[in-house]
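Take a look at the structure below.
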Amino acid sequence: MEQYLIVPWDTRSGSEPAPVDWDMQVPPEIDAIAELVMKQYDMTVSSRTLITSKPDKGGAIWRIETNKGPRSLKLLHRTPERSLFSVGLQEYVVQQGARVPALIPAKDGKLFVEMGGKLWIVTDWIALTPASKVDLVGAQELCYGLGEFHRHSKGYMPPFGAKNSSRLYRWTNYYQKIAKKIGWMREMAKAYRDTVASASILAVVDQYERQAIESLERLKASAYPRMVAMGEPYWGLVHQDYGWSNGQNGPGGLWVIDLDGVSYDLPFRDLRKLITSTMDDMGVWDTTWMRGMIEAYHQANPLDAESFEVLLIDMAVPNEFYKHLKEMFFDPITFLNTEAEAILQRVVATDQSKAQALADLAKDMSKYKPGSYEPKPVAVGPTRVPSETKTWDQKSWGLQPQPKQTRESVASAVSEENTESMAGAVSKEKKAESFRVVKKKAKQETKQEVRATDKNGKKEKQEQEAQSVVKPAKRMAVEVSDRKKEEKEKAVSPHKAGGRKGTASNVVQLQSSGKGPSNKAKQTVAPAKKKAATVAKSKPRVWKKSGAGASKAVAKPAALPKTKRKAVKPAVKKTAKQTPKVAPRVPSAGNKTKRAAQSKSKHSFTKVAAPSKKMNNAVSRKPNAKKGVKTKGVR
């Protein structure tokens with residue numbers, strides 16, 4: 001069972017029939033692993049009920065009845081390294097006093113169990129109820145709880161081995177992406193002019209593209225660059241998927257659940273998402289609601305003037321237009337002929353009140369004190385008081401060596417990066433395969449370029465040295481014989497030999513006729529001057545000859561003085577590699593590429609009725625909880 005790697009189970013292989021609804025079922029292999037995981041905890045389980053699953057990602061949540069009360073068993077669908085980041089954060093904020101479910105340790109002391117290539121966690125089951133969605137009080141409760149969570153997350157630094165998740169420095173890239181994708185929408189509408197929504201999109205796409213570009217310029221001119229320079233722990237983490245289903249009322253106040261997607265970022269990004277999605281559901285940008293939600297958040301996690309300005313800039317981006325209309329990239333003809341027109345008309349109608357609402361909010365800038373963001377060459381570390389210090393015990397937080405990823409898990413990882421393409425609906429396996437092909441091709445091209453460069457360089461050296469290295473065999477043998485006595489009498493010290501031109505690469509190791517240079521010759525560590533002196537001494541007696549004779553192999557004389565051998569040995573390998581016509585090439589090794597505590601804050605909110613025009617007459621436009629919201633307990 002340990003060898004089974006959990007992957008998304010939205011499709012089954014082979015002839016096995018697919019269940020009607022995978023959202024409420026898991027494969028039998030997952031059930032078997034869940035039983036093994038529960039045995040790792042000091043508890044007796046009497047029943048287990050699947051609450052929800054993520055078949056497209058590979059995650060699930062169960063309610064389990066134990067001898068120690070109801071508990072929650074959760075399979076985290078991300079990689080163990082990424083899940084360790086969020087599990088560490090959950091433990092950290094609980095210690096800071098946040099209303100977040102506390103992790104229950106297993107028998108080995110760890111706050112998770114690693115099995116099936118994933119992390120599993122167990123927490124107490126806490127009875128929760130969603131905040132009210134029909135009036136401002138409920139929205140304010142949600143925002144206040146969010147601010148508390150953000151405040152408690154400041155200073156977090158993940159355990160060793162966790163994969164860091166951060167969106168703090170990616171705001172400009174995100175804005176650029178939206179502007180680019182909206183431009184693609186224009187081209188898509190032009191390419192499919194016969195579709196129902198084509199004309200409507202072309203009528204407004206320029207306006208939304210201009211909004212995205214203007215927001216990008218405003219962001220660059222704001223305090224954003226100085227703010228992110230403060231570093232990730234300074235700001236803490238965002239939930240990324242916060243709403244009425246993940247923020248619910250429970251003992252002591254509002255609880256935040258489902259933390260497996262947390263990431264470093266400017267915290268009010270969560271607040272922006274909550275406000276804009278609420279306005280989209282209501283069908284109007286209501287200043288009273290927006291101001292009330294911001295003020296409630298400010299009470300729990302104070303904003304400064306710079307943060308408030310960046311929040312307004314982020315709301316000015318055409319986020320809802322992009323979110324709803326980007327579906328055209330996956331199946332353009334079907335989407336543009338069916339859903340696009342109705343969605344577009346609703347978004348455009350809602351945005352008619354957006355500009356005025358943001359202008360009204362901008363008047364509140366004076367309510368917020370200026371922040372202090374002095375330029376720092378290096379991002380600052382977290383400022384902690386003794387009670388906030390957290391030391392991660394490697395024994396309790398270490399992960400197992402990870403097995404090789406399967407094809408399905410690679411495809412899932414590619415999908416997790418939120419990559420989008422104009423090519424249309426492409427399967428996860430094809431995306432992963434394309435990634436591997438591109439990566440392999442890039443490596444091959446790099447190797448070819450290196451080989452070509454090395455080959456050209458060696459060829460040039462060979463052409464330059466061939467004429468001076470190879471000597472006529474007959475003349476060389478006579479020359480060495482005549483010098484035999486002379487060298488003994490007039491030996492020159494290597495420190496005194498100089499003044500003449502010559503290099504060790506210009507000297508050839510003489511071998512027996514018909515044989516190449518010996519590969520076992522030992523190199524001498526003599527100084528370069530000694531080599532130059534030896535070559536210079538022999539140069540005047542060498543006959544100059546060109547043509548075919550220069551490339552013939554030379555014969556070894558009957559006897560060769562020891563001093564001569566030592567002088568010429570260092571050039572053996574180099575000459576052998578660079579003059580293939582003289583002797584076989586000696587292979588070179590070369591370089592190879594390696595492969596909770598309750599909050600004591602008191603707050604009260606004035607109940608404000610929702611706009612009657614939009615909320616009372618159109619129920620469907622009220623803020624809705626996300627699909628799958630559970631009101632019976634925490635996940």
For this session: Considering only the stretch 33-65, state which residues are part of a helix (DSSP H, G or I) and within 14 Å of LYS118 (Cα to Cα).
Result: ILE33, ALA34, LEU36, VAL37
Exercise. From the list TRP289, TRP255, which residue is in contact with a helix residue (DSSP H, G or I) (Cβ under 8 Å, 6 or more places away or on another chain), open to solvent by 10 Å² or more (accessible area, probe 1.4 Å) and of a type in the set (A, V, I, L, M, F, W, C)?
Worked result: TRP255
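Residue-wise test of (1) modelled with pLDDT under 95; (2) open to solvent by 10 Å² or more (accessible area, probe 1.4 Å); (3) within 25 Å of GLY398 (Cβ to Cβ).
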| site | (1), (2), (3) |
| --- | --- |
| TYR41 | no, no, yes |
| TRP62 | no, no, no |
| THR66 | no, yes, no |
| SER72 | no, no, yes |
Exercise. When you scan the stretch 136-225 for helices (runs of 4 or more DSSP H) that lie fully inside it, which ones turn up with 1 or more residues that are out of contact with any strand residue (DSSP E or B) (no Cβ under 9 Å at 6 or more places or on another chain) and closer than 25 Å to ALA340 by Cβ?
Worked result: 171-191, 198-221
For this session: Go through the stretch 122-135 and give me each residue that's open to solvent by 10 Å² or more (accessible area, probe 1.4 Å) and closer than 30 Å to TYR4 by Cβ.
Result: ASP124, TRP125
For this session: Output the residues belonging to the stretch 188-198 that are farther than 17 Å from HIS324 by Cβ and either under 36 Å from the mean Cα position of the chain (by Cα) or open to solvent by less than 70 Å² (accessible area, probe 1.4 Å) (or both).
Result: LYS190, ALA191, TYR192
Problem set entry | Every pair of residues 6+ apart whose Cβ atoms lie under 6 Å, when the first sits in the stretch 39-62 and is polar (S, T, N, Q) while the second is open to solvent by 50 Å² or more (accessible area, probe 1.4 Å) and assigned to a strand (DSSP E or B) | SER46/GLU65; SER47/GLU65; THR49/ARG63
Problem set entry | In the stretch 136-186, residue least open to solvent (accessible area, probe 1.4 Å) [restricted to those that are of a type in the set (D, E, K, R) and closer than 23 Å to MET290 by Cα] | GLU148
Problem set entry | Any helices (runs of 4 or more DSSP H) falling wholly within the stretch 260-337 and containing at least 1 residues that are under 30 Å from the mean Cα position of the chain (by Cα), under 30 Å from ASP194 (Cβ atoms) and not hydrophobic (A, V, I, L, M, F, W, C) | 319-325, 332-337
For this session: For the stretch 209-230, state whether one or more residues are in contact with a Pro (Cβ under 6 Å, 6 or more places away or on another chain) and either over 30 Å from SER307 (Cβ atoms) or among the hydroxyl-bearing types (Ser, Thr, Tyr) (or both).
Result: no
Exercise. What number goes with the only condition from (1) part of a helix (DSSP H, G or I); (2) touching a Phe, Trp or Tyr at 6+ places or on another chain (Cβ under 6 Å) that PHE85 does not pass?
Worked result: (2)
Problem set entry | Subset of the stretch 1-39 (residues that are among the charged types (D, E, K, R) and at pLDDT 85 or above) | GLU29, ASP31, GLU35, LYS39
Exercise. Any idea which residue in the stretch 91-121 is farthest from GLU148 (Cα to Cα), counting only those that are assigned to a helix (DSSP H, G or I) and open to solvent by less than 20 Å² (accessible area, probe 1.4 Å)?
Worked result: TYR92
For this session: State whether one or more residues within the stretch 99-112 are more than 24 Å from ALA34 (Cβ to Cβ) and of a type in the set (Lys, Arg).
Result: yes
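The values are calculated or read from the model by the stated rules, or taken from the named source; none is laboratory data. Being a predicted model, the structure only gives us computed values, none of them experimental. Cβ sites come from the backbone with ideal geometry, for glycine too, and all protein chains shown count toward neighbours. Heavy atoms of the whole protein, side chains included, go into the accessibility calculation; ligands, DNA and RNA do not. Shrake-Rupley method; radii C 1.70, N 1.55, O 1.52, S 1.80 Å.
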